[in-house]
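The values are calculated or read from the model by the stated rules, or taken from the named source; none is laboratory data. The shown structure was predicted, so the numbers you read here are calculated from the model rather than taken from an experiment. So basically every Cβ, Gly included, is an ideal-geometry build from the backbone, and we count neighbours across all protein chains shown. We work out accessible area using only protein heavy atoms, side chains counted, and drop any ligands, DNA or RNA first. Shrake-Rupley method; radii C 1.70, N 1.55, O 1.52, S 1.80 Å.
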Amino acid sequence: NPGGIGHIWLKRRFVDPMPPIKGEMIHSDKHDIDYCILDPSPPVKDDDGNERWYIPATVFDNQALIDNDKKYVSFLKSLTGVKRKMWLNGEWDEMSGLFFNEWNAAYHVMARKSFDLEYAKENGRMYRCIDYGTSNPFVCLFVWVDEDGRVVVFDEIYEAGLTPTVQAKFILDRGRSLGLNEDSFYNTIVDPSMKTATHDSGTRLKSVVEIYIDNGLQHIALGNNSRVQGWGVFKDYLHIDDPDFTGDYIPYLRFCDNCVRCIETIPVLTTDDNNIE
């Protein structure tokens, strides 16, 4: 079913390459509802010749379920909004429970070529924001904050399997490729856990922050990783006063279109079932 964990991965791997072909509309007298027959597109092959095929189905393709649970279609009909579109109609372009429902690509994504880096270096402040990982990817975002407090994320690094030393060199190299040096950055904000440096046995080890510093990263500051408060600020920065306004409105947070991971991830983050905040 569409929705929930895995929605975006399944949609990308199966639905987008092989979108269902809409067939004829059928009216069910038994359930008093019109529904569309969905036929599969041809299968696709990858470069190695492996084939995959998305075969769409709705509840109306599951006759055994309909026969054994007389109220199931009625339950799906009673749903409203996005959940009804997903579960009754099998639509993958909708998703419920989105956390950052303020996201609007028309406002929050800008062309990288329109971001004047030379102007930015002279006006406002540059930051880097780092989330550490080795098996999981580590992320570094390059951020500019203008004199009015508006934020542009203008570059990103997203890599897995790198040691802290290699990460630091990667970050420095990316900065140099952008014409930036360590003094270009007002602060490099990192997860507070990156300062922890004690082994289970009590042995003193170098922290990730110390390894970063040894390899040339400067101006490092520990961030506040309180999620509820942080997401609240994030939502506020995404907020658009009038989403129907078609002028040159600029929200407080935007991403350049080369920040692919941010753009594909943030809009599909869902609310935690146990803590809606």
Whole-angstrom gap from the stretch 214-241 to the stretch 58-130, using each part's C-alpha centre: 24 Å
Over the chain: helical MRE at 222 nm, DSSP H runs n ≥ 4 each giving -39500 (n - 2.57), nearest 500: -6500 deg cm²/dmol
Any cysteine of the chain lacking a neighbouring Cys Cβ under 4.7 Å - listed by number: Cys36, Cys129, Cys140, Cys256
Amide H contacts under 5 Å for Leu253, placed H, 5+ residues apart: Val151
Solvent exposure of the stretch 31-71 as accessible area per residue, Å², 1.4 Å probe: 71 Å²
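Let me know the charge dipole size of the chain about its Cα centre in debye, to the nearest 20, where only the beta-carbon of Lys, Arg (+1) and Asp, Glu (-1) is charged. Provide the component values of the computation, followed by the final result.
On the way: 29 positive and 44 negative charges, 122 e Å.
In total the dipole reaches around 580 debye.
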Glu51 paired with Asp93, simple spin-label distance in nm, labels 7 Å along Cα-to-beta-carbon: 2.9 nm
Segment Asp146-His27, length gained on full extension (0.36 nm per residue, minus Cα span): 37.2 nm
In degrees, nearest ten, helix 227-238 long axis to first principal axis of the chain (Cα): 80 degrees
Angle in degrees between helix 164-177 and the longest Cα principal axis of the chain, rounded to the nearest 10: 90 degrees
Placed amide H near Ile220: partners under 5 Å, 5+ positions off or other chain: Thr188
Residue (of Met110, Val208, Ala160) at the positive-pole extreme of the stretch 75-225, dipole from beta-carbon charges: Ala160
Of [x] 1.22; [y] 1.28; [z] 2.79, the label for Cα Rg over 2.2 N^0.38 Å derived from the coordinates: [y]
Sequence-distant residues sharing a close amide H with Glu91 (under 5 Å, placed H): Met86
Chain lengthening between Arg176 and Tyr252 when straightened (0.36 nm per residue, less Cα-Cα): 24.7 nm
Listed residues Thr196, Ile8, Tyr127: farthest to the positive end of the dipole of the chain (Cβ charges): Thr196
